[in-house]
Structures are given as structure tokens and as C-alpha cells.
1. Do we find a residue being modelled with pLDDT under 65 and over 30 Å from T241 (Cβ atoms) anywhere in region 70-84?
2. Which one is nearest to N154 (Cα to Cα), of the residues in region 284-297 that are of a type outside the set (G, A, S) and in a loop (DSSP other than H, G, I, E, B)?
3. Just checking, does region 48-57 include any residue being among the polar types (S, T, N, Q), at pLDDT below 95 and more than 26 Å from the chain's Cα centre (by Cα)?
4. Which of the following residues is of a type in the set (V, I, T) and within 16 Å of the ligand (Cβ to nearest atom): V300, V276, V217?
5. Give me a count of the residues in region 122-178 that are within 16 Å of the ligand (Cβ to nearest atom) and open to solvent by 40 Å² or more (accessible area, probe 1.4 Å).
6. Out of K149, K59, K93, K164, I need the residue that is farther than 24 Å from K346 by Cα and without any contact (Cβ under 8 Å) to a residue 24 or more places away in the chain. Which one?
7. Out of (1) part of a helix (DSSP H, G or I); (2) free of Cβ contacts under 8 Å to residues at least 40 places away in the same chain, the odd one out for Y121 is which?
8. Quick one: in region 36-53, which of the residues that are within 13 Å of N308 (Cβ to Cβ) and open to solvent by 10 Å² or more (accessible area, probe 1.4 Å) is nearest to the ligand (Cβ to nearest atom)?
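The values are calculated or read from the model by the stated rules, or taken from the named source; none is laboratory data. For clarity, every value in this text was computed on a predicted model and none was experimentally measured. Cβ sites come from the backbone with ideal geometry, for glycine too, and all protein chains shown count toward neighbours. Side chains are part of the model used for accessible areas, which takes the heavy atoms of the whole protein and leaves out ligands, DNA and RNA. Shrake-Rupley method; radii C 1.70, N 1.55, O 1.52, S 1.80 Å.
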Amino acid sequence: MHKHKVSFLLVILSPLWLACSSLSYAASGITGQEVVDLRILETTDLHADLVNYDYYQTKVNNRVGLVKTATLIHEARKEVKNSLLFDDGDHLKGNPLGEYLARIKGMHKGKKHPVYRAFNYLAYDAVAIGNHEFNYGLEFLNTALKGAKMPVLNANVISIKKNKPYFTPFVILKRNLVDINGSQHELKIGVIAFMPTQIMKWDKANLEGRVIAKPIVESAKEYIPIMKGEGADIIIVLAHTGISSTPYTPESEHDVYYLTQIPGIDVVLAGHSHSVFPGPAFTHLPNTNIETGNINGKPVVMAGAFGNRLGIIDLRLEKKANKWTIIKGTSFTRPIADESGKSLVKTDKGLSKLVKPDHDETVDFIKRLGL
Ligand SMILES: [Zn+2]
């Protein structure tokens, strides 16, 4: 009797189970394939705007501030299974908070720069060094960098003394990503960063005799095979440089267009020019799909400046012949405020609390000066 019951149940249930499992495959649209969706998030040109505040007018300004962008970051992460977060550089200098810390208070032993404290809190996967990071000198920068928990990258600034990159040129991030059927795969994500060679003019006093800057495109061509050799499945460039199709020269300041033409580079995060890509300013750029945010077939994003937008690139990767290939990449940005300056997102309370002492000290200092 008992035996009969079991076989009866098996007969009834197994077709059901089969039906369910084939249904779940059917829902995903892909059967038996290894497909991973990966979201890349970008902030760029924060210029020390951690707080939604205008220090010159001493009032709240909801058009800026990482405390706002942070909420977009949390939301964008929650929407997907796999994501990575990067900053594209120019994050230490540009407002009184950054100035007060560098020129008045100074970086004291064991203290972390509030920008890197914020980056640690938000768990950035890697960040690029921008040209403005040199404005307070190499010693200040090196002290500040000690507070960053994530890799801080640049590949085209070369130490004259050591004849090798002054900073870590690239990293291969090993990440366990969940595919659309729920299985895990370890992907090796190569991340490299560049900045304009104009630093040698802009920060001559701080840099001359200590470093040289190599052209961006030539440096990228040198490093991509090395990164591939170290097993990078995909390569993301943190390109602290703008977007222009003006013919390339080694002195060009805005090189994203030409980086997208380099085989092996899969994704470019742009910055430096405070523009928004995809956006109306780039409608006439050649070989550009403004709807999908692709230049020369590669996804690119530039998230404005001061934390006013979060850059997002959604990638779909498929494993074919033991190799991960990007089969689709779409980019877009999300703003923290509408056109009138009305806030569209809540403030991240945790981050706000974390940077409040530095913010308050800066405001007090400005008040004492009677500005
Ligand atoms: Zn810059």
C-alpha cells in the first residue's frame, strides 16, 4: 500500500516538476546558456561635493552632493543581482570643504580624508585619479590615498625615478557573479585608468622632475594585452577624459572616442569635461547611438559632475567557447534633482552623518572669515 502511494506520487509529480523547470527556463528566454547581467555604476568629477550644500551662498543646494547620489547608488544596486561601482576622478578638490581640509586643517596621521571615507562607506570597487588630485601636491595626495580601501588607479602617469607608473596602473577584480539561472561564475574584470597629459602644464610646480604623463591612447594599447594576458574577461576603462571626435593627437585632452576604437576595451567610463553622456550634446558624434549610449559599438557613460547624476551601464555577457563576451551594453544616467533644482531623492543619512564633522568645520570656518 505504502509502496503504491509513493509510486503514485512520483508519477503525478515528476511531469509537474519537469513542466515547472522548463517554465523557469522559458521565462528567462535562454535555455542552457550561461548569461550574466552586470551593472556598472559611475560617479565622476565630484570635486569634494559630498554634501548637498553651496558653501559660497551658505545654503542647501539639492543639485549637488554625494549624499544624494548615494541613494541612487543604493537603488540601482537593489534592482540587479550584480553590480560594480567606480569613480572616475577629480574627487578631492573644487569646493571649500576640499580647500579647508587641504590648506587649513591638513591631513593628520591616522585621519582619513572625508572623500575616501565616503568612498569606503559606499564600497566603491575602484576609483581613478583625476588631474585635480594633483592640485595640493603629491605629498598631500599620497597621505590622503592611504585612507582609501579600494584600488586607486592611473596608468599613464610615470614616476621618473622608478621609470614605472606612479600609481597602481590596473587591477583585475575577481567577482562571483550570478547568472540569469541563479548559478555563480567567477569573472575577472580588468579595470584601468587614464588622465590627460595636460597635468604637466596645469600642475607643473607639483609634478615637474617627479613624473611624466604618457599619451592616453598609446598607454591603453600598451596595457590591454597585458591585462588580457593576466586573464581579464572584460576590460573597463576609467577614462578621466572627455568625449570628442576631433582627430586624435598624443596631446589630445578628450580621448574617449578613440579609446572605444581599441580592440579589447569593452566599456568606457568618461569624465573630466562635466558633460552628460548619453545626452543631447553628443547627438552628432559619428558612429554613436545616443539611445543605447554606444560609441563605436562600445557602451560609454559620463555622469555630469558634483554628484548631480549617477552613470549606469547595463551589460549582458554570454559565455561562448569558454570566453565571456558582451552581447549587449546600454548606458544611461539618473539625476538627483529635476531641472528646477527640486530634489528627486532622499539624503543617505548614514553618509550624511559620516561627513558631517568635516562639513560643519568648513561652514564654521567660512563664518569665522565673515564670508
Ligand atoms: Zn579633470
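1. The first filter runs over region 70-84 and keeps only residues modelled with pLDDT under 65, leaving none.
Taking every residue of region 70-84 in turn, none turns out to be modelled with pLDDT under 65 and over 30 Å from T241 (Cβ atoms).
2. Looking only at region 284-297, we keep the residues that are of a type outside the set (G, A, S), and these are 284-292, 294-296.
This time we only want the ones that are in a loop (DSSP other than H, G, I, E, B), so: 284-287, 290-292, 296.
Working: H284: 30, L285: 27, P286: 28, N287: 28, I290: 28, E291: 30, T292: 28, N296: 24 Å.
In this case the residue turns out to be N296.
3. Our first condition is that a residue be among the polar types (S, T, N, Q); within region 48-57, this holds for 52, 57.
Filter once more, keeping what is at pLDDT below 95: 57.
Pick out the ones that are also more than 26 Å from the chain's Cα centre (by Cα) and you get 57.
The answer is yes; a qualifying residue exists.
4. On the way: V300 fails: within 16 Å of the ligand (Cβ to nearest atom); V217 fails: within 16 Å of the ligand (Cβ to nearest atom).
Being of a type in the set (V, I, T) and within 16 Å of the ligand (Cβ to nearest atom) holds for just one of V300, V276, V217, which is V276.
5. 1
6. Numbers: K149 fails: without any contact (Cβ under 8 Å) to a residue 24 or more places away in the chain; K59 fails: farther than 24 Å from K346 by Cα; K93 fails: without any contact (Cβ under 8 Å) to a residue 24 or more places away in the chain.
Answer to the check: K164.
7. Every condition holds for Y121 apart from (2).
8. Of everything passing the filter in region 36-53, H47 is nearest to the ligand (Cβ to nearest atom).
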